[in-house]
Every structure is written in C-alpha cells, then in structure tokens.
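The values are calculated or read from the model by the stated rules, or taken from the named source; none is laboratory data. On a predicted model such as this, the values are computed, not experimentally measured, just so you know. Counting neighbours? That spans all protein chains shown, and the Cβs are built from the backbone with ideal geometry, glycine included.
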Amino acid sequence: MKKLTISDLNKLHTDSNGLDNEVYAEMRSNVLLVSGEHYARRTRKYFDRLRENESIPSDQRIRIVANHIQKITKLYCNNTLAYVPGVQAYPNNDTETQDVKCADLSNKVWDYGKRQFGWEVYRRNSVFDFFTLGEVGSKVYFDQNKGKFLGKKPKPGYEPQLDEQGQPLPPDEEDLVPTFSGELCVERLYGFNLFRAKEAKTWAESWFIGNKKLAQKKQLEARYAGDEDKLKYIQTSFMERFVIFDGTSSSYRESENEVLVYEVFVRPCPDYPNGAYYYHTAAGIIEEGELPYGIWPIAIENCEEYQTSPRGRSPIKHGRPFQAELNRAISKMAEHQITLGDDKMVFSHGSKVSQGAAMPGVRAIYTTGGAPAILEGRSGEQYLGYTDFIIKQLYSAMMVEEDMAETDKSQADPYAMLYASVSQKKKFSFFTQKIEGFFANLMSIYLDLARHYMSDEDLLAAIGRDEVINVSEFRNMSPLAYMIKACAVSEDAETALGKQLVYNHVLQYVGPNLSRDDIGKILRSMPYGDFKNAFSDFTMDDENANNDILRIERGDVPSIRPGMDPEYILKRITARQKKPDYEFLPPAIKEVYETYSAALAEQMADEVVQQKALQADFIPAQGFLTPCDFYVPDPATPSKTHRARLPIDSLAWLVKRLEGQGITLEKLESLQGSAQSQVASAAGALAGVDAQEAIANTVGQPNPGDMNARNPIVRQSSNVRDATRGNPVTGVPPTPNAPVPQRPGGLRF
C-alpha cells in the first residue's frame, strides 16, 4: 500500500482550503444568521442607541436586521421532520426466504443501534445541518473506550513479575488499564470542517475525505502515554494558536488546551485496496492503517448541488438578496422615525407663544402673530408597502409561501386528508429524498460494521433470544448490496394512517377467507397497536417454518419438536421445493429437504392412525339416557320398534370423533398433491396394524407423535459432513446390527 507522508497530508488540507474558503465563510455566516447572532460584536448597543438618540450623526448609519431567514429555515426543518424521514431494509428478492430473514434481522439490529446513539436527536440535528450548512455528514466507527465496563486488564506489552517459585505475581494498579466492550458510534461531521481532493467534481469522486477537529490535549496525552514520538507531535501542535468558530457562542475564539487534529480517509482503490486512514497533527502522523474490513465509514449528502463542484449549498443562499434589501428598507424606516418622527410646529418670524389659562381637561395656548403650522411626523410608512412586497417575494422565492396560508382543518374524510397531505409533501420531495438517501447510506455502513464488531450478547439483545439460531445468518450473510437494499421509508402519521386503512379493508372484505397465519401477519404489520405480542401465536408457525428452511439451506438438519404444526411446515417445505432455483441446490441440501418432508408426512400419518385407534376404543356409557330420532326393535315385542335411548356421554363421544375425522380430512385436502401422497402412503403403511393390537402395544411405547424418538436422522441438529465431498449430508448410515425401533399404532383414549 502506498503511504502518505506528513508533508503530503498537510498539502492536501492546504489545497482544499484554497478552493473552499468562500464556502466555509458562507456556512459560518448561515449559522450566525439562523441562530440570531447578526452582529460581529454583541457588545454594541444598537437598539439602545435608537431609543436614546434624537439624531444620527452623518458619519453613522442605522443597521437593523429583520431576520426572516431563521423563520424560513425552521419551516424547512419542521416540514421535513413532519415527514419523519427514516430508512429500513427490504429484501432484495422478497420471494427468497433467506433474503427476507436477512432484511428482518438487519432492521432489528438497526433499531437497536438507533436506541444506542439517540436516533431522534441525531435526525433532528442532521436535518438542521442539511438546511443551514447545505451539507450533512456523519462517520461510523467502533470506539473501544465505550460500552460496558469489563474490568481492568494489564497494559499492552506488560510482562508479569515472577516470585521465588517462578509463579507470576499479580500486576500493580499502575500496570492496569480499564477495558470496555466497545460500541459503534455515529459522529456528526460539519461541512466547514471537511476538505476534499481539489480535482473532484463530486464527493464520490474525491479519492479522500478529510475532517479537522479540536481534541483535548489531556485526553490525547493519556491515550498515547509512553509513546514519546506521538507526544512530541501533540505538544508541538499545542503550541500553535488557532482562530476557531465556536458553536456555543456563535463567534470566533482562540483555541485553549486543545490540539487541532486531522482525519484523512482514503477510498479503496488500486493503490489502497482496502482503503486507508490517517490521524495526524500538523507536526506528524499519530495513527495510520487500512480501513477496518475495507468499509468506507463516511456518508455525505448535499442539500443543493452545482455542476462541477462537490460542495453543497444551503437554500439560504437564494434568500440573501431579499433579506439584504429588506434590512435596508427596515433601517430606512427607523432612520425616518428618529429624524422626522415627532410632530413639529412652525411659527412666523416675530410670533410669540405663551401658556393660557389652565382648565380641567383643557390646555390653552396664546400666540401673537400668525397661527402656527403643524408638520406631522414621519413613521416611515411610505416604505411599508415596499417591505411587504419584499417579504412576499422572499417567501415565494424560498417556496414557503403556501405554508403561511390558512388551511381548512374541518375535513373529516380520512382519504381527503391523506390526499391533501401528499400534495403538501410534494413541495419538499426534492429535499426529503436526499435526506432519506443519506440515512439509507448511513444504515448500510452501520450494518456492515455491526456484522464484524457487535458481540453475540449485543446481537441477541438486538434480534431477540428467539432468533439465537440466526446469529450466524446475520454475521455470514453476503454484502448488503447483494442481499438487501436499504430503502427510505416515511414513518409519519399520514403514512401510518394510510396503511391502517388498507389493512382494515383487507380484513373487512377478505378476512373470512384468510387463514389464521395470514391474519396474524396482517395484524403484526399494522402501525397502530402492539399486535406483535398479543397475536404472536398467530405467526408462531410461520416463524418456525422460516427458521427451519434457513437451517436446511445452511446444511443443518432441523428436528421435529413437540407442539409444532407439521401440516403448515410441510406446506412451506413443498412450496420451497417448487421454486425454480431448487434444482440448482447441492444434492445434499435437496436430500435434507426430502428427508425432512418425509418425516413431516410421517408425523401427520401418525395423527391419522391415532384417530383410527381412538375410533376403535371403548365407547363411554355413563350419563343420563336421552331419546334419539332413531328407532330400534323393542326387546319385549320384537315386531314393534321404539325410539332409542342412549347415554349422553356416548353421544358426546360420537360427536367428538366425527369432528376429529372432519378436521383430519380437511388437513389432508389442504395439502398439495405431492404432500398428500406422502401422508397417504405413510398412513396406509401404519393402517395395516390392527387397531386393537395397536392400542395394546401402546403401553410402554414412546409417544407416536415424537418423531425424534424413532427417527435418528431428523433428531440430529449438527452438521454431518461427508469427508470426501465436504458437503452436509442427512445423517450417518445405520449400524448393521442396530435394533429397529418398533412403530406404535396409537394411543388409548
């Protein structure tokens, strides 16, 4: 890998600064304007001077800022945040079970990560930077000094001391350092601190991206204690003084107890196959190396773009001319109020004025000579129409004029409300699509790093204990670009209401024709109401089937567990075998599918045999006698008949058996043709055993529903690989002299 020297790195920063100095100045000016800090020095008492002075010297001018830009910027942010931009993973192919599961696991890990780094605050700050600076950027990295505290461990390179017997002594306290589990972090990047390659036309074309920031001197010295070269670089840079932009006071100040450091990230390319990173000061390189796992850690998006320039621009740029003209007109109105504000009386030469008699509520004035003329004061109202026109043009140019109009809130039709909401969102789709694209890029980077850095404990906390068998599925899945696609999604109230209305119509019109599992999937997808736990039983079979299919695709052999629904899982297995790509699977995988489907069919056949055995059992004869509409010969008079009187328990038993037969037939008819054949063949083989004999043999035999008790192949849960081919196979060949497990016929009622 080609390495950059400290002189090369300093030159990269110098060249970029020469290109983007005007962009940096505009970004900082936008921050001052939006934050309300309009003046270079806040110690000047502009407004006090306007209140106290009766005149203005000719060498001074009144400067008043009617700040509408900050209001418009907040309208942009509010409208975008009201859209609630978000992002989630969708399967690249929604017909592939593995893609669907990868997308589901990725969404769970992303939701866990959002709780870790504070998604709501981060999203709000990102939208604010997007409109104020014109650029939004973030860096995803793994910080080893965060996360859970794991205790203290010896320092790297520590050599333990030995006692007299040669046993290592425990380390001293000064030889121990605290260790943490580490945590994935998302760092906010500011546009006025970023620099790029001078020949780049877009951010994607820049072969490197740099970021400069201030770091605490004490923290750097503690991190690199013992390394004299790095401490020398830190001390040398600390001796320099930098004028920096302070976001706390929205002004400029000199650095104190801080060191200016640079981060340079080089994209993967032929010279840097896995990319590279440099962490340095102006004096020397502190850290360098390849990008962890070759993953590019930075996401950047521009608000408004210009051809041949990678730097973004804020919409504030379009409103500045109108804001400047509005400031001039408002300042002129204030000047007129000061100089010509009060009414004035004009007397002719030689006239005199004296106070007259005072009466209650009356003020009298005596004059000699002509009557005085009264000149009315000026309030600057002659500029009022012009300022209103400028304000209207300002809001129109920045596309927020419609937001100032009153809207009718009395509309009760939900579909009309949704249509109106969509119409309002169209005006800001240009910006919302960009901010959602930025979030999608950030999510891809976060998930890519999470596959390598997140511990099993954190992954289980993210995806849940019931997904423990899919931890390896998340870690070993193909790159996100091939397995899933990160798509933007709106999470606002209008979108959720639209989904809820659609689901309501589906359940209303086709709900009676849906199965229990289909209804459970719809309920879990509803945005309003926590149906995931309330109706988890509805989707339990679907989750079990997905996990079994994924295990077979990985080469594992699932086991038939107590309480599982073999009918539903057999449907899913049969549907998977009918897909076009099934014939291209390895032979060992297809063999597992066939063995598992045969075991499921055998499980269903056992249920059929059990039903037949139950039918051959003794009929209960307890309970009171009840007459039936069935006539039998009279024992006393054989030539006559009378209504039969049967015990109530016998009738209840008969009704229950008939219902059981109907359910069994419905299950068989709901299966596909190939699955019906498997169940029928297995049931026919088991039906050859006499029912009474089967009942007698049941005593002391294993449960016929427990397939693991008599099917050693399905019982295996680990990968058994052929030593010659290295592919997973279905099991170990049976031992020649091993006893054949007896197949019970059924259970006693």
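Data table
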read-out	value
Of all residues in the range 68-84 being over 19 Å from Ile435 (Cα atoms) and touching a residue at least 12 places away in the same chain (Cβ under 8 Å), the one that is nearest to the chain's Cα centre (by Cα)	Gln70
Any pair with Cβ under 7 angstrom, 6 or more apart, that starts in the range 220-236 at a residue that is on the phi < 0 side of the Ramachandran plot and ends at one that is surrounded by 12 or more Cβ atoms within 10 Å (Cβ to Cβ) and of a type in the set (Phe, Trp, Tyr)	Lys230/Tyr224; Leu231/Tyr224
Single residue of the range 85-120 satisfying the filter (outside any helix (DSSP H, G or I) and of a type in the set (Val, Ile, Thr)) that is nearest to the chain's Cα centre (by Cα)	Val87
Residues satisfying the stated conditions in the range 270-302, i.e. of a type in the set (Gly, Ala, Ser), without any contact (Cβ under 8 Å) to a residue 60 or more places away in the chain and not in a loop (DSSP other than H, G, I, E, B)	Gly289, Gly294
Extreme residue, nearest to the chain's Cα centre (by Cα), among residues of the range 211-225 that are surrounded by 15 or more Cβ atoms within 10 Å (Cβ to Cβ) and in a helix (DSSP H, G or I)	Leu220
Where Leu384 falls short, out of the listed (1) out of contact with any strand residue (DSSP E or B) (no Cβ under 7 Å at 6 or more places or on another chain); (2) within 30 Å of Trp207 (Cα to Cα); (3) not in a loop (DSSP other than H, G, I, E, B)	(2)
All positions within the range 8-52 that are assigned to a helix (DSSP H, G or I) and modelled with pLDDT under 80	Tyr46, Phe47, Asp48, Arg49, Leu50, Arg51, Glu52
Any pair with Cβ under 7 angstrom, 6 or more apart, that starts in the range 367-392 at a residue that is of a type in the set (A, V, I, L, M, F, W, C) and ends at one that is outside any helix (DSSP H, G or I) and surrounded by 15 or more Cβ atoms within 10 Å (Cβ to Cβ)	Ile391/His68
Subset of the range 276-308 that is among the hydroxyl-bearing types (Ser, Thr, Tyr) and modelled with pLDDT of 90 or more - its residue that is surrounded by the most Cβ atoms within 10 Å (Cβ to Cβ)	Thr281
Residue within the range 544-563 that is at pLDDT 80 or above and more than 18 Å from Val100 (Cα to Cα) present	yes
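Let's see how each residue does on (1) hydrophobic (A, V, I, L, M, F, W, C); (2) more than 19 Å from Ala324 (Cβ to Cβ); (3) crowded, with 19+ Cβ neighbours inside 10 Å; (4) at pLDDT 80 or above:
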| residue | (1), (2), (3), (4) |
| --- | --- |
| Arg61 | no, no, no, no |
| Asn67 | no, no, no, yes |
| Gln70 | no, no, no, yes |
| Asn78 | no, yes, no, yes |
| Tyr83 | no, yes, yes, no |
| Val87 | yes, yes, yes, yes |
| Tyr90 | no, yes, no, yes |
| Asp94 | no, yes, no, no |
| Gln98 | no, yes, no, no |
